[in-house]
1. Measure out, as a whole number of angstrom, how far apart the alpha-carbon centroids of the range 121-167 and the range 293-331 sit.
2. So, with +1 on the Cβ of K and R and -1 on the Cβ of D and E, and no other charges, what is the size of the charge dipole of the range 199-304 about its Cα centre, to the nearest 20 debye?
3. Per residue, how much accessible area does the chain show when a 1.4 Å probe rolls over the protein heavy atoms, in square angstrom?
4. Which residue, chosen from Ala35, Leu46, Ile68, occupies the Cα position most advanced towards the positive end of the dipole of the range 34-73, where the dipole is computed from +1 (Lys, Arg) and -1 (Asp, Glu) charges on Cβ about the Cα centre?
5. Please find, in a Gaussian network model of the chain (springs between Cα atoms separated by less than 10 Å), the residue of Arg101, Arg264, Arg301 whose mean-square fluctuation is greatest.
6. Can you give the calculated 222 nm mean residue ellipticity of the chain, where each DSSP H run of n ≥ 4 adds -39,500 (n - 2.57) and the sum is split over every residue, rounded to the nearest 500 deg cm²/dmol?
7. Give the dimensionless ratio obtained when the Cα radius of gyration of the chain is divided by 2.2 N^0.38 Å.
8. As I understand it, the dipole of the chain uses +1 on the Cβ of Lys and Arg and -1 on the Cβ of Asp and Glu, about the Cα centre. Which of Gly194, Gly263, Gly304 lies farthest toward its positive end?
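The values are calculated or read from the model by the stated rules, or taken from the named source; none is laboratory data. Just so you know, these numbers come straight off a predicted model, no measurement behind them. Positions of Cβ are backbone-derived with ideal geometry, glycine not excepted, and every protein chain shown enters the neighbour counts. Keep in mind that these areas ignore ligands, DNA and RNA; they rest on the heavy atoms of the full protein, side chains included. Shrake-Rupley method; radii C 1.70, N 1.55, O 1.52, S 1.80 Å.
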Amino acid sequence: MAATVVVIGGGYGGVAVAKALDDVADVVLIEPRDAFVHNIAALRKLVVPDWPGRLFFPYDRLLSRGRIVRDRAVRVDGSGVELGSGDRITADYVVLATGSRYPFPSKPDLDESAAAEARLRATHGALARAGGVLLLGAGPAGLELAGEIKAVWADKKVTVVDPAEDILSGGFAEGFRAELRGQLGALDVELVLGTALREEPDSEPGETGTFTVITHSGRKITADIWFRCFGVVPVSEYLTGELAPARRRDGHVEVDGRLRLPGRPNVFAVGDLTALPEAKLAKAAGEHAAVVAHNIGTLIRGSGELITYTPAAPAISLPLGPGGGASYSPDRGVLGPEATSRLKGRDLRVGPYTTLFGLD
Ligand SMILES: Cc1cc2nc3c(=O)[nH]c(=O)nc-3n(C[C@H](O)[C@H](O)[C@H](O)COP(=O)(O)OP(=O)(O)OC[C@H]3O[C@@H](n4cnc5c(N)ncnc54)[C@H](O)[C@@H]3O)c2cc1C
């Protein structure tokens, strides 16, 4: 009998592990959504709902042997998973791949793709009606959203507020920040840095309604819609029993070099929920998945060497609309708008997922 590998979460990391092990194990992928969310494209879909690239990819052609169980893991221990339905699935190997929550619209928050798409379209309508937009957070999501809005509605007043003294906290080169600050200035995006709002607007994020807020530095900002662009939360609250100690207070999950939970030889983790010291990226989740698939394959065969994951140095591609933005990696340095558009901004990397999900 083949070993059973239960992969919890069908995001970037989970689908890569499930696909890689489909030929060597009985793979069960547990995922509450009806389709994979390519959330790298979420902000483009918000500003251009009819953009031809896909945001949702149905799971039905992903695996040829394995199965997808449409449910949510509510309790996970070293030998299996209890689902929201009350069913239990036992496993020889468990892979935690439940990623993170971002505030809408950076990540859709509904499990049905039709409902998630309808919510994006409704928010598009609200955004189209707004003259002034307030974005809280000058990290990648806030800046990317500012660039997407300006690419479609150049005359909207966009203001970004962040308590940090500069855009993009984290280990990014000053030249990269300077390139982005220059492009944001040329787009007339106003950066209000080093201060926070005394109180959040009284309207809900993503809903139209004129408001005025005041920062601790005394600056008054009037706008018609706002979005929260900070507060990424790892999803790991289902860890119980002997797995619970691996969960840090902030929700990230400790892993060793082989991406196993400490002292748990059959439980692995990939992607945003890991406590690895690196930027939380789909690219990293894919690289974790390759290491975990290799290591589980090796354990199943009972021969060969386990491999180790080395956290990646900071590297990012941050579009400001389809034709703008900047990229940075330690080996290539800072790249400007043309290269960023080619690398990511134009097609938002939809192609590889079209192939993976059998939609060519
Ligand atoms: C606007 C934006 C742009 C980005 N652009 C880039 C980029 O260009 N390049 C890049 O590398 N990264 C980018 N990222 C980061 C990237 O989206 C994340 O790093 C990536 O989503 C992490 O993948 P993951 O597989 O760990 O988790 P996720 O993609 O978060 O997937 C987790 C999955 O687990 C499921 N799940 C949750 N709880 C349960 C449960 N209890 N049981 C079962 N399933 C569950 C969820 O439904 C989800 O499908 C971007 C992020 C944002 C917000």
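1. 29 Å
2. Values: 12 positive and 14 negative charges, 122 e Å.
Dipole about the Cα centre, nearest 20: 580 debye.
3. On the way: 15490 Å² over 360 residues.
Per residue, the chain has 43 Å² of solvent-accessible surface.
4. Ile68
5. Its mean-square fluctuation being the largest, the pick is Arg301.
6. Values: 8 runs with 89 residues, N = 360.
Estimated from H runs of four or more residues: -7500 deg cm²/dmol.
7. Working: Rg = 21.1 Å, N = 360, 2.2 N^0.38 = 20.6 Å.
Dividing the Cα radius of gyration by 2.2 N^0.38 Å gives 1.02.
8. It is Gly304.
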